[in-house]
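Novice: What follows is a structure written as structure tokens; I'll ask about it next.
No value in this document is a laboratory result; all are computed from the given coordinates. Just so it is clear, the structure is predicted and the values come from calculations on it, not from any experiment. Backbone-built Cβ (ideal geometry, glycine too); neighbour counts: all protein chains shown.
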Amino acid sequence: MDALYPRLLVTRFAECFRFYDAVLPELLGAVRQRGDEGGPYANWDVADQAVLVLFDRSALAAAIGTGALPPSAPPAQDSVMLVSRVADVDAALAFCLAHGGEQVTAPTDRPEWGPTLRSAHLRDPDGTLIELQSY
């Protein structure tokens, strides 16, 4: 049985699929279990536990009857962030950027968050905020 896991509802499915299909195996050792860039669904597991699922936003909207609503709100602060612990923040960020991520913050030491914590922030191709951290 899978524990609670994130399911990202994305508008740019193919781009997000290519991004996560490249970075999840490298950063987490995740293995794609199902799906391809044609969508509307893809999932990756680590040790038989789901770690991320992508689902096409319009496909879900059609399924639950919200297709007439706008697909996004006006710009606002983020309400969700994916966080991944990595061995080397700088290298992980470079890897993610090479596969379509967009940098938000440079790698930074953050002793106020933890004595040895280092982090960087980026967005996936659909705009989801991601924090890479080591400590």
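Novice: Return yes when Val83 is among the hydrophobic types (A, V, I, L, M, F, W, C), surrounded by 12 or more Cβ atoms within 10 Å (Cβ to Cβ) and outside any helix (DSSP H, G or I) and no when it is not.
Specialist: No.
Novice: So, of the residues in the stretch 33-56 that are more than 14 Å from Asp21 (Cβ to Cβ) and in contact with a helix residue (DSSP H, G or I) (Cβ under 8 Å, 6 or more places away or on another chain), which turns out to be surrounded by the most Cβ atoms within 10 Å (Cβ to Cβ)?
Specialist: Asp56
Novice: Could you list, in sequence order, all residues of the stretch 101-130 that are more than 21 Å from Phe55 (Cα to Cα) and either assigned to a strand (DSSP E or B) or touching a residue at least 60 places away in the same chain (Cβ under 8 Å) (or both)?
Specialist: Gln103, Val104, Thr105, Ala106, Pro107, Thr108, Asp109, Arg118, Ser119, Ala120, His121, listed by residue number.
Novice: Follow-up. Just one of the numbered conditions (1) touching a strand residue (DSSP E or B) at 6+ places or on another chain (Cβ under 6 Å); (2) over 20 Å from His99 (Cβ atoms) is not true of Asp48; which one?
Specialist: In the conditions (1) touching a strand residue (DSSP E or B) at 6+ places or on another chain (Cβ under 6 Å); (2) over 20 Å from His99 (Cβ atoms), Asp48 misses (1) alone.
Novice: Given Ala63, Ala98, which one is out of contact with any strand residue (DSSP E or B) (no Cβ under 9 Å at 6 or more places or on another chain), without any contact (Cβ under 8 Å) to a residue 40 or more places away in the chain and over 23 Å from Pro25 (Cα atoms)? Break it down into steps so the answer makes sense when it comes.
Specialist: Numbers: Ala98 fails: over 23 Å from Pro25 (Cα atoms).
Step by step, each of Ala63, Ala98 is checked, and only Ala63 is out of contact with any strand residue (DSSP E or B) (no Cβ under 9 Å at 6 or more places or on another chain), without any contact (Cβ under 8 Å) to a residue 40 or more places away in the chain and over 23 Å from Pro25 (Cα atoms).
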